[in-house]
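Working notes for the structure below.
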Amino acid sequence: MSGLTHLDDEGSARMVDVGAKAITARQAIASGRITMSADAAAAIRAGSVQKGDVLAVARVAGIMAAKKTSDLIPLCHPLPLSKVEIDLALDATGVTATATAATAGQTGVEMEALTAVSVTLLTVYDMAKALDKRMAIGDIRLIAKTGGKSGDWHA
């Protein structure tokens, strides 16, 4: 019909058949940011947020989210992830999250990295919302991907 991989000949949504694709090492890196007041950032740095260690909980939430991506995004394949790493950089106005996801598989891990970043930042918001309801999440994007038929890509 339109040449889109997630549509069948009648235009209905479908999961792409990746069975004939070669298994290759694949990795994706995504990032995003949550901005907040200086007071909220200082409380996170000091470990004085009532809900606990914001960055530790957010890191675990991001890892868990990557593992559940196919449960959240309807046409994503469930993948055996070999690595999910969340890097958090706290500064005076917010937190930048970078997620790296990797697998040896037949399809990429871009959605897993993007989901990990998104849930990491949502968790920061949830844990610190009592301190700053004006926090803003944004600039979530793919930074790089390696492997697969389309090759490497870097922003």
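The values are calculated or read from the model by the stated rules, or taken from the named source; none is laboratory data. Please read all numbers here as calculations on a predicted model, not as lab measurements. Here Cβ is always computed from backbone atoms with ideal geometry, including for glycine, and neighbour counts include all displayed protein chains. Heavy atoms of the whole protein, side chains included, go into the accessibility calculation; ligands, DNA and RNA do not. Shrake-Rupley method; radii C 1.70, N 1.55, O 1.52, S 1.80 Å.
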Open item on the list: Under 20 Å between alpha carbons: how many lysine pairs meet that in the range 24-148, if sequence neighbours fewer than 8 apart on the same chain are excluded?
Closed with: 7
Task: Accessible-area order (highest first, 1.4 angstrom probe) of the listed residues Lys83, Lys67, Lys149 - done: Lys149, Lys67, Lys83
TODO: Using a 1.4 angstrom probe, figure out how much accessible area the chain has per residue, in square angstrom, rounded to the nearest whole.
DONE: 55 Å²
Open item on the list: Once R0 is set to 22 Å, what does the formula 1/(1 + (r/R0)^6) return for the Cβ-Cβ distance between Ser150 and Ser70, expressed as a FRET efficiency to the nearest 0.05?
Closed with: 0.60
- [ ] Please report, in debye to the nearest 20, how large the charge dipole of the range 24-148 is about its Cα centre when each Lys and Arg carries +1 at its beta carbon and each Asp and Glu carries -1 there.
- [x] 100 debye
TODO: Name the residues whose placed amide hydrogens come within less than 5 Å of the amide hydrogen of Ser82, ignoring near sequence neighbours (fewer than 5 apart) on the same chain.
DONE: Ala102, Thr103, Ala104
Open item on the list: Test of understanding: in a Gaussian network model of the chain with alpha carbons linked when under 10 Å, which of Leu72, Leu88, Leu142 would top the mean-square fluctuation ranking?
Closed with: Leu72
Task: Cα lying deepest toward the dipole's positive end in the chain, options Leu121, Ala155, Val54, charges on Cβ - done: Val54
Open item on the list: Could you give the length gained by full extension between Ala130 and Arg45, i.e. 0.36 nm per residue of separation minus their alpha carbon distance, to one decimal place?
Closed with: 29.0 nm
Task: lysines whose Cα lies under 19 Å from that of Lys149, excluding same-chain neighbours fewer than 8 positions away - done: Lys21
Open item on the list: Within the range 71-107, name every residue whose backbone N is under 11 Å away from a label modeled 7 Å from Cα of Thr24 along the Cβ vector.
Closed with: 105-107
Open item on the list: I'd like the Karplus ³J(HN,Hα) series for the range 92-98: coefficients 6.51, -1.76, 1.60, θ = phi - 60°, whole numbers in Hz, and an x wherever there's a Gly or Pro.
Closed with: 5, 10, x, 10, 9, 10, 10
Open item on the list: If you roll a 1.4 angstrom probe over the protein chains with everything in place, what fraction of the accessible area of the chain belongs to carbon and sulfur, to the nearest %?
Closed with: 57 percent
Open item on the list: With Kirkwood's inverse mean 1/r over C-alpha pairs for Rh, give me the Rg to Rh ratio of the chain, two decimals please.
Closed with: 1.06
